[in-house]
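The values are calculated or read from the model by the stated rules, or taken from the named source; none is laboratory data. Only a predicted model underlies this, so the values are computations on that prediction, with no experimental measurement involved. Cβ sites come from the backbone with ideal geometry, for glycine too, and all protein chains shown count toward neighbours. In case anyone asks, the SASA skips ligands and DNA or RNA and just uses the protein heavy atoms, side chains included. Shrake-Rupley method; radii C 1.70, N 1.55, O 1.52, S 1.80 Å.
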Amino acid sequence: MKCAAIDIGTNTILLAVVERDKGVFRDIVDMSIIVRLGENLVNSGRLSGPAMSRTMDGLRRYLDITASHDVERLFCVGTAALREASNSGEFLACVRDAFGFDVEIISARDEAYYTYLSIRDDNTVRSEAMTIVDIGGGSTEVIRGTCRGFAGYTSLPMGSVRLTDAFVFHDPPLKEEMESVVSYIRERLGSVIYPEESVLLGTGGTVTNIAAMVAGIEKYDKEIVHGLEVELGQLNDLIASLAELTSSERRCVRGMEPGREDIIVQGAVILKEVMEQGGFGRCMVSAAGVRYGVLYERLGLGM
């Protein structure tokens, strides 16, 4: 049986299509499209018409893909942007009318739990004791768990898009703007608990794009990125070099995902601050995320 999960985030929408066979699955499609659904949400409190239109176009493309693979079950969830926007209902109605399915807006707790499941049930990246950081466009979840159970989470109102819209008005960012970004991040991270002797794992588009640039790969390759370890020194060097470039110059950096060049520095600083505050010298990268956790739970896959 072929199944699919769509994750509608603040910056990207992600699709995983898998084939289930005897309790395990194999990847058929795993892809993302940058739609910036939460563009300027931090200032307006609403989803804009163009942002909703871009997201609808992306969903239409995804449904064409799922139809071409004869997908039998489809799950679709939405996260921070849809939790926060005052007109989320308008977007949900558009999806229902156009495509005939409902988008489930999941809580911050469920977002954290699905992210945890995507790592716990993955032999490549899971560890005995884990701190998981999921850096999105609108929020960041810092999750605690072991290979046996979910231990808790902190959801923070900071993500690559939110920080950019709130603090960055020049290209490249001014020193004062980046100082404001760092100050905001540190203030929010003050409430986070880091389990002793845990391994740091990172997920989300910011983290996988950092990994691609550190690895120096021209085209994104999940098999290279998934399980890659990023050293704090490598991250610091990357941030320093990217922060001096304009967005158009960043597009030419090997490994940069098109469409992420204006927000990548702000997202990378979140990871840097987590690593420094938690005392982590390295971060192992997971290319999975919420969509895989949804599949694991609802189809009874994994462990």
Rg/Rh for segment 14-126, where both radii come from Cα atoms and Rh is the Kirkwood radius = 0.99
Inter-part distance where segment 65-122 and segment 7-26 are each reduced to a Cα centre, Å = 11 Å
Tail beyond 23 Å, pair distance distribution of segment 164-303 (Cα, percent) | 38 percent
Any idea what the relative contact order of segment 107-172 is, in percent, if you count C-alpha pairs under 8 Å spaced at least 6 apart?
-> 27 percent
Over 30 Å (Cα to Cα) among LYS175/LYS222; LYS22/LYS219; LYS222/LYS272 -> LYS175/LYS222; LYS22/LYS219
Take the alpha carbon atoms of segment 241-303, find their radius of gyration, then divide it by 2.2 N^0.38 Å using N residues; give the quotient.
-> 1.52
Over its Cα atoms, what ratio of radius of gyration to 2.2 N^0.38 Å does segment 65-196 give?
-> 1.27
Could you give the accessible area per residue of the chain, probe 1.4 Å, as a whole number in Å²?
-> 41 Å²
When the Cα centres of segment 260-300 and segment 185-223 are compared, how far apart do they sit, in Å?
-> 4 Å
Before rounding to the nearest 500, sum -39500 (n - 2.57) across all DSSP H runs of length at least 4 in the chain and divide by the residue total; then give [θ] at 222 nm in deg cm²/dmol.
-> -13000 deg cm²/dmol
Using amide H atoms built 1.01 Å from N in the peptide plane, name the residues 5+ places from THR131, or on other chains, whose amide H lies under 5 Å from its own.
-> VAL199, LEU200, LEU201
What net charge do the residues around GLY78 carry, taking every other residue with its C-beta under 14 Å from that of GLY78, with Lys and Arg at +1 and Asp and Glu at -1?
-> -4
Other residues with Cβ under 12 Å from the Cβ of VAL199 give, with Lys and Arg +1 and Asp and Glu -1, a net charge of -1
Residue-ordered couplings for segment 164-181, obtained by feeding phi - 60° into the Karplus form 6.51 cos²θ - 1.76 cosθ + 1.60 and rounding to whole Hz (Gly and Pro as x), are 5, 5, 7, 10, 10, 10, 10, 10, x, x, 6, 4, 5, 5, 5, 5, 5, 4
Cβ-based net charge around HIS69, under 11 Å, with every Lys or Arg adding one and every Asp or Glu removing one = -3
Could you give me the percent of Cα pairs per 10 Å distance bin for segment 137-199, shortest bin first, beginning at zero and ending with the bin that holds the maximum distance?
-> 20, 41, 25, 13, 2
Could you rank the peptides 40-46, 133-139, 146-152, 4-10 by their average count of other C-beta atoms within 10 Å per residue, with the highest value first?
-> 133-139, 4-10, 40-46, 146-152
